[in-house]
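Below is one structure, written out as structure tokens, with a few remarks after it.
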Amino acid sequence: MKTFDLVTARNQHHLLEIISNNPAARPVAGATDFIPTVRSGRWKTKLVVDISRVEELRFLRFSDNTVEIGPLISFKDLETSKELGIFLPALQEAAACMADPLIRARATIGGNLCTASPAADSLPPLLVLDADVTLITLNGERSMPLQDFILAPGQNALNPGEILSKIICKIPNSNSGMGFIKQGLRRSIAVAVVNAAALIEQENGVIKDCRLALGAVSPTPVRCCHAENFLRGKSADEVNLTAAASLIKEDLKPIDDVRGSAAYRRRISEILSRRVLELAIKRAEEEKDA
Ligand SMILES: Cc1cc2nc3c(=O)[nH]c(=O)nc-3n(C[C@H](O)[C@H](O)[C@H](O)COP(=O)(O)OP(=O)(O)OC[C@H]3O[C@@H](n4cnc5c(N)ncnc54)[C@H](O)[C@@H]3O)c2cc1C
């Protein structure tokens, strides 16, 4: 195994100082991606900065219309937050089926985003929420849509010396419903063969807004724009949902790998899309009746 120096950041300023003086240093949060990456020899850095004690990066704030999530929030925090279950249920569902309880207790949402895996479970729900991310350095901050932050498998938009400091999501309107479904090869500790999230806003039986995102079927998780555009302004009936699910292939570029062939992924994507849209529609209807 490669050796490296390890520094523990005491607070956000200390972290930014270390990173600014050593732009090649790599931050580590829960270390659940870090350890396999070091073992595989893919991690080349000489300096690792443990950010897990930077309390300024650990928050889950709910306001009237937004949720702000600190990068050190763990999947266990997401899974057990009562407010998150009320306002962003799809993100909570994604957290609850990620890995196993031990990993969920350590793994952070910031690490999940920065690893930029095509199969990352937090990405489809955050994409349908049109989440933004904030990146900080010692000299200031910048924000961008999450969609622009995830560039390619394992590649994100962080510049050397930058830290992901916040994820911001708008709370969906009250006539909305959302959901997340994951298909793996087993029930627990399963990387997604396909994962899917949907958000539907309905008005008088008509789909006002539709957002659908799929993971593990393209180099980065994708929004299924063809299906979304097709469903906007239409009623949520069998015929329209079947037609929408058949359109998702326009947005996918699946590959063959150990977890499944591209053809299998395309088929599962269609089935999961249909199911997650139905789930979101059902929840939107329950919201209307509440
Ligand atoms: C057994 C096992 C099962 C798993 N199952 C799943 C699964 O089902 N679904 C899934 O999505 N993932 C899964 N993972 C992957 C992993 O657990 C997640 O990606 C996790 O969220 C990573 O978070 P972390 O805090 O451990 O990241 P770390 O390992 O600490 O860091 C990961 C990367 O992010 C960078 N980073 C972390 N925080 C920041 C920050 N604030 N700013 C800048 N860069 C940062 C690090 O430099 C590193 O490049 C699994 C991993 C294991 C080992």
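This table checks each residue for (1) touching a helix residue (DSSP H, G or I) at 6+ places or on another chain (Cβ under 9 Å); (2) at pLDDT below 95; (3) within 9 Å of the ligand (Cβ to nearest atom).
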site	(1), (2), (3)
ARG10	no, no, no
PRO36	no, yes, yes
ARG39	no, yes, no
LYS46	no, yes, no
ARG61	no, no, no
ALA95	yes, no, no
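Here ARG53 clears all of (1) at pLDDT 95 or above; (2) crowded, with 18+ Cβ neighbours inside 10 Å; (3) not in a strand (DSSP E or B) except the condition numbered (2). If we scan region 157-177, do we find a residue that is of a type outside the set (Lys, Arg) and under 19 Å from ILE271 (Cβ atoms)? Within region 157-177 (the criterion being of a type outside the set (Lys, Arg) and under 19 Å from ILE271 (Cβ atoms)), the answer is no, since none of the residues qualifies. Give the residues of region 97-125 that are within 6 Å of the ligand (Cβ to nearest atom) and among the β-branched types (Val, Ile, Thr), sorted by residue number. The answer is ILE103, THR108, THR115.
Considering region 18-34 alone, what residues qualify as being of a type in the set (A, V, I, L, M, F, W, C) and modelled with pLDDT under 95? ALA24, ALA25, PHE34 - these are the residues of region 18-34 that are of a type in the set (A, V, I, L, M, F, W, C) and modelled with pLDDT under 95. Can you find a residue that is crowded, with 20+ Cβ neighbours inside 10 Å, within 8 Å of the ligand (Cβ to nearest atom) and of a type in the set (A, V, I, L, M, F, W, C) anywhere in region 77-90? No: zero hits.
How about region 183-202: which of its residues are more than 25 Å from PRO219 (Cβ to Cβ) and either assigned to a strand (DSSP E or B) or more than 14 Å from the ligand (Cβ to nearest atom) (or both)?
Across region 183-202, the qualifying residues are ILE200, GLU201, GLN202.
Tell me, yes or no, whether region 219-235 has at least one residue that is hydroxyl-bearing (Ser, Thr, Tyr), over 18 Å from the mean Cα position of the chain (by Cα), on the phi < 0 side of the Ramachandran plot and part of a strand (DSSP E or B). Walk me through it before giving the result.
Step one: list which residues in region 219-235 are hydroxyl-bearing (Ser, Thr, Tyr), which gives 220, 235.
Subset that is over 18 Å from the mean Cα position of the chain (by Cα): 235.
Of the ones still in play, those that are also on the phi < 0 side of the Ramachandran plot are 235.
Filter again for part of a strand (DSSP E or B), leaving 235.
Yes: region 219-235 contains one or more residues that are hydroxyl-bearing (Ser, Thr, Tyr), over 18 Å from the mean Cα position of the chain (by Cα), on the phi < 0 side of the Ramachandran plot and part of a strand (DSSP E or B).
The values are calculated or read from the model by the stated rules, or taken from the named source; none is laboratory data. What you see is a predicted model; the values in this text were computed from it and never measured. For neighbour counting, all protein chains shown are included, and Cβ atoms are generated from backbone atoms with ideal geometry for every residue, glycine included.
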